[in-house]
Each structure stands twice: as C-alpha cells, then as structure tokens.
Amino acid sequence: MGILWQRQRPLVSVRRTLALLLLAAVASPTSSPAADPTQADTSRRAREESIAAIPFAQLDADAQAKVDSVLRQTTFFRRMPVEVVECDPNLYLFLIRHPEVIVEIWRYMDVTDITVDRLSAENFHAEDGAGSVGDIEFLYGDKNRHLLYVTGTYEGPLMPRAVRARCLLFLSSDYNKTPTGKYLVTNRLDLFVDIENPGVDLLARTFHRVFGKTTDHNFSETASFVGQVSRTTEVNAPGMLRLASRLENLDPNIRREFRRHITKLGERGARQTAKVD
C-alpha cells in the first residue's frame, strides 16, 4: 500500500460493539469515588459530571428531548479510560465528524464488516453484519465536545429475541501543542445506554464484564488508529493520497476533503523534517 501500517492490523472486537451496547443493561451506578482517568469509571460522580458538561443550551428542542429521555431512563453509564494520542487537530475533527472515512479504511484493510452510510450532514446508518443495526445522529459538535444519539437493534444468537436500545455518546477533547510542534489530543468518551426491552436486565448483566472491556478496547483502538493516520500522513502523504483514492464508497466531496487534509498535513510534515535536517 505504500503506507506505514500493516493491512492485517487487528481490531478484534470492533464488529461486536453495537451488539454488546444493546446487551449492556446493568445495575444503577454506585457512588464510589472518582476513578483514575486511565481506568473506566461507572460512578455516580462521573455520571453527574458528564451530565453537567452536556451543552443543553446549545441544543434545539428535538435534541434536548432525546437527551432528556435517555438520561431519565439510563440503565448503564460508563466513562471510558482517557486516551491521549498524537494527532493533527484539523484532521482529528474531520475524522470525528466523518466516521465513514475510518470505517472505509478499515474495510479496505479487511479488518471489519461494519458499514456506515451517511444519510445527511448529521445522520448515519450503521450495520455490523452480525445482527446489529443502528442509526446515529450528531446532536452537537464543536472543537471540544461532540454529542451523538444512537438508536439500535440487535437480533442474533446472543439473545433469544430482538433487543432495542438508545445511547448517548459524549466525547470531550482537549489539544496541547508540544515543544516539537506536535499536537496531543486528550479524549474522554462517556456512554449512556437505555435498554428498551423489559426483562433483559438479568441476562444483560452476564455480559457486563465483556461489554466494558470491549467498549474500552474499541475506544482505545479507534483513538490509536486516528493518531496513526495522522502520523502516517505527516511522513508519507503520497501513500495516504493513494489510499484515499481507493476508498471508492466514500462520497466524492468527502474524499476530496480528506485529500485536502492529507495534502496540508503532509506539507507541514515536510517543513518540520526540513527544519530538523
């Protein structure tokens, strides 16, 4: 491929994420002390901090209603471990707001069966090829905060009947420039899940440990991969441009925008290399 990562890079549990989200009803959060940021946190304190940080005033009435509904009926909350990655801020924001780009790269690398189809500027449809189907809506986004609303259904061998769930994903991001001119992006993802089917709690609790590890792993892998895309672009923009041209399922306008980010970051990487030399 002419780029720096291996085609077979494992993302072992990516295709199971949505299914496990839909199996994640557990007991209410405890009031335990705030956890180490490098560890997952399901405490009441973390949950209340997350709710307080949601930008309600910037949401329209429809978005507020969706958020309120999930928060009032949350059956599972999880604050995933903080992830810090080296990444260009502009490329980072582009990839966060265009998740189909990352998925198409994974599909080209043959490491996932997930499909993500853009329906509008804020809405997506996703399937994992193993019984999970979901609709994703970006309710809010700025440089430091992104709020997503997900409705999904799982129907497959893990459960005796279809399970429906609604989720809020609240991503917080901070950026710091290092003395060498690189950027470090600190990511924290909070997850609220409402299982709509009555009577699934007991069975779902069986999957709690697996679910937690799976979501933490997927968040870590995804953040790491975004950083890897950024670093690879800085040192091998031509290879990344070739890769972008092969993502045939992307909307042409999005592919062109991706190429613009690649070109700009590649030029910056070349300038930094020239300074070092």
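The values are calculated or read from the model by the stated rules, or taken from the named source; none is laboratory data. Only a predicted model underlies this, so the values are computations on that prediction, with no experimental measurement involved. Cβ coordinates were reconstructed from backbone atoms using ideal geometry, including for glycine residues, and neighbour counts include every protein chain displayed.
Scanning region 172-181 for residues that are of a type in the set (Gly, Ala, Ser) and not in a strand (DSSP E or B) turns up just one, Gly181. For region 19-41, a residue qualifies if it is modelled with pLDDT of 80 or more, within 26 Å of Gly152 (Cα to Cα) and out of contact with any Gly (no Cβ under 8 Å at 6 or more places or on another chain), and exactly one does: Asp41.
Identify, please: which residue in region 83-124 is touching a helix residue (DSSP H, G or I) at 6+ places or on another chain (Cβ under 7 Å) and assigned to a loop (DSSP other than H, G, I, E, B) and is, among those, surrounded by the most Cβ atoms within 10 Å (Cβ to Cβ)? Checked region 83-124; the qualifying residue surrounded by the most Cβ atoms within 10 Å (Cβ to Cβ) is Cys87.
Please go through region 58-74 and pick out each residue that is free of Cβ contacts under 8 Å to residues at least 60 places away in the same chain, out of contact with any helix residue (DSSP H, G or I) (no Cβ under 9 Å at 6 or more places or on another chain) and not acidic (Asp, Glu). If the condition is that a residue be free of Cβ contacts under 8 Å to residues at least 60 places away in the same chain, out of contact with any helix residue (DSSP H, G or I) (no Cβ under 9 Å at 6 or more places or on another chain) and not acidic (Asp, Glu), then Ala61, Ala65, Arg72 are the ones that fit.
Regarding Glu196, is this residue more than 18 Å from the chain's Cα centre (by Cα), modelled with pLDDT under 95 and not polar (S, T, N, Q)? Criteria met by Glu196. Taken as a whole, region 129-151 holds no residue that is among the β-branched types (Val, Ile, Thr), in contact (Cβ under 8 Å) with a residue 24 or more places away in the chain and not in a strand (DSSP E or B).
Rundown of residues vs (1) under 18 Å from Phe219 (Cα atoms); (2) not β-branched (Val, Ile, Thr), yes/no style:
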residue	(1), (2)
Ile96	yes, no
Ile102	yes, no
Arg107	yes, yes
Ala126	yes, yes
Lys143	no, yes
Glu155	no, yes
Arg166	no, yes
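If you go through region 58-82 and keep only what is in contact with a Lys or Arg (Cβ under 6 Å, 6 or more places away or on another chain) and part of a helix (DSSP H, G or I), you end up with just Val70. Residues that are assigned to a helix (DSSP H, G or I) and in contact with a helix residue (DSSP H, G or I) (Cβ under 6 Å, 6 or more places away or on another chain) within region 236-254 comprise Ala237, Met240, Leu241, Ala244, listed in sequence order. Only one of the numbered conditions (1) in contact with a helix residue (DSSP H, G or I) (Cβ under 7 Å, 6 or more places away or on another chain); (2) modelled with pLDDT of 95 or more; (3) over 13 Å from Tyr92 (Cβ atoms); (4) not charged (D, E, K, R) is not met by Val185, and that is (3).
Tell me yes or no: at least one residue of region 256-276 is touching a strand residue (DSSP E or B) at 6+ places or on another chain (Cβ under 9 Å), at pLDDT 90 or above and in a helix (DSSP H, G or I). Within region 256-276, not a single residue is touching a strand residue (DSSP E or B) at 6+ places or on another chain (Cβ under 9 Å), at pLDDT 90 or above and in a helix (DSSP H, G or I).
The single condition among (1) modelled with pLDDT of 95 or more; (2) more than 24 Å from Ser173 (Cα to Cα); (3) surrounded by 13 or more Cβ atoms within 10 Å (Cβ to Cβ); (4) not aliphatic (A, V, I, L, M) that Ser230 does not satisfy is (2).
Looking at this structure, is Val163 surrounded by 20 or more Cβ atoms within 10 Å (Cβ to Cβ) and either over 28 Å from Ala61 (Cα atoms) or among the hydrophobic types (A, V, I, L, M, F, W, C) (or both)? Taking the combined requirement at face value, the residue satisfies it. Could you tell me whether region 127-145 includes any residue that is crowded, with 19+ Cβ neighbours inside 10 Å, closer than 15 Å to Thr215 by Cβ and over 18 Å from the mean Cα position of the chain (by Cα)? Checking region 127-145: not a single residue is crowded, with 19+ Cβ neighbours inside 10 Å, closer than 15 Å to Thr215 by Cβ and over 18 Å from the mean Cα position of the chain (by Cα). In the condition set (1) surrounded by fewer than 17 Cβ atoms within 10 Å (Cβ to Cβ); (2) in a loop (DSSP other than H, G, I, E, B), Leu184 is compliant with all but (2).
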